[in-house]
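Please read the structure below before turning to the comments.
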Amino acid sequence: MKIKKQNIFEKFHLVDKFDLNKFKTSLFNGKILIPHGFSSLLSLINEVEQYFLNFFNVSINEFVKDNSIFLEEKEIIQFQKSIKKSKVLYNKFIIFLKDLNFDIDDTYCDQMTIRFSPSIKERARGLLKPVKPHRDTWASNFQHQINWWIPLHDLSNTNSIFFIPKYFTKKVKNNSKEWNFELFKKGYINSSTPVSIQNFNLVDYKTKKINFGNAFCFSGNHIHGSNLGNFRRLNIETRTLCKKDVMKFDLPKNVDNNNLVKQGKWFKSLKDSKFYKND
């Protein structure tokens, strides 16, 4: 694996003998890896773009650059639900994971979702709203979770997502003890995940411009959240677990999660669609 260093972010390319162990070790040590030049990833993105065009009769690039184009919330939600059910997209994601030498028989995947993030002047619409600083592990309760965040168009660092890597292994005050996924599903609380309740210094926020065809791959233990800029943002995202990673790698420790519920039913086996059994 050829790695180009740039602070906490590292770009990598596909090579004949891709080193998955090195890849995962970097992730679990807090690096944010950016795949570059993967035709399998580009195929997945192009498929979503075509879905969008067929459904809304407008291209993604037109929609994100022209804030006057309005989509009804019920249509956005319907489209988001169709993305979650698409077997074609999951199969394309599997091909991408195979390029990285993932053991598909040992890999469990969360639902693939598309997030509509508004411009700073708009109201958020759809199933997924912009999120404050958080760790995904506060919600899922799995320290070996890997996040896959895939933009559907070029992003500047002002409307990409942000990371606060300084706190990758440091305690952060949060509401994980009070948060409840069932209450979120029933509409009693607004946030899809526990969030931080402490303030951070602006200098600790890290963002990065990311181009069409690339992605952010990172540990679910990273503090991250939504940036809002002058233009809209569309991305797809999912998360994976591999059972063998628990014993094979030195995982980031839980330092501040007070949520005791493991969400194994969020993750289905890519081999036989069975739910992940909590350890």
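Here, each number is a calculation from the coordinates, and none is a lab measurement. Only a predicted model underlies this, so the values are computations on that prediction, with no experimental measurement involved. As a convention, Cβ positions derive from the backbone with ideal geometry for all residues, glycine included, and neighbour counts pool all protein chains shown.
Quick notes on this structure:
- Karplus-based coupling profile of the stretch 25-32, in residue order and whole Hz: 4, 4, 4, 6, 8, x, 6, 10, with θ = phi - 60° in 6.51 cos²θ - 1.76 cosθ + 1.60 and x standing for Gly or Pro.
- Loop-located chymotrypsin sites (Phe, Trp or Tyr not before Pro) in the stretch 162-234 (DSSP state other than H, G, I, E, B) with a sparse environment of at most 10 neighbouring Cβ atoms within 10 Å: Tyr188.
- DSSP beta bridges in the chain [antiparallel fraction, %, rounded to 5]: 85
- Calculated FRET value between Asn21 and Ser59, using beta carbons and R₀ = 45 Å, to 0.05: 0.70
- Our coupling estimate for the stretch 122-137, obtained by passing each phi through the Karplus curve with A = 6.51, B = -1.76, C = 1.60 and θ = phi - 60°, is 10, 8, 5, 9, x, 6, 10, 9, x, 10, 6, x, 6, 9, 5, 5 Hz, Gly and Pro reported as x.
- Mean-position separation - Cα centroids, the stretch 182-238 and the stretch 149-164, in angstrom: 9
- In terms of its alpha-carbon gyration tensor, the stretch 1-68 comes out prolate; a/c meets the 1.5 threshold, and the first ratio a/b outweighs b/c.
- Dipole in debye (nearest 20) - the chain, about Cα centre, beta carbon charges: Lys, Arg +1; Asp, Glu -1: 600
- Candidates per chymotrypsin sites (Phe, Trp or Tyr not before Pro) in the stretch 1-84, loop by DSSP, up to 12 other Cβ within 10 Å: Phe70
- Shape call, the stretch 160-269: gyration tensor on alpha carbons, a/c limit 1.5: rounded
- Taking each residue as 0.36 nm, the span from Thr169 to Phe184 lengthens on full extension beyond its C-alpha to C-alpha distance by 2.7 nm.
- By the rule of a C-alpha distance below 19 Å, with chain neighbours fewer than 8 residues away ignored, the aspartates and glutamates paired with Lys24 are Glu10, Asp16, Asp99, Asp103, Asp105, Asp106, Asp110, Asp136, Glu237, Asp245, Asp250.
- Per DSSP, loop trypsin sites (Lys or Arg not before Pro) in the stretch 100-146 with at most 13 further Cβ within 10 Å: Lys121, Arg123
- Shown here: percent of Cα pairs over 35 Å apart, derived from the displayed model; of the candidates [x] 31; [y] 11; [z] 19, it corresponds to [y].
- Our helix-only sum for the chain, with -39,500 (n - 2.57) per DSSP H run of n ≥ 4 divided by its residues, gives a mean residue ellipticity at 222 nm of -7500 deg cm²/dmol.
- Selection among Pro165, Asn199, Phe181 by position relative to the dipole of the stretch 139-279 gives Phe181 as farthest towards the positive end (Cβ unit charges, Cα centre).
- Distance violations [Cα-Cα > 32 Å] among Lys129/Lys170; Lys209/Lys265; Lys74/Lys206; Lys22/Lys177: Lys209/Lys265; Lys74/Lys206; Lys22/Lys177
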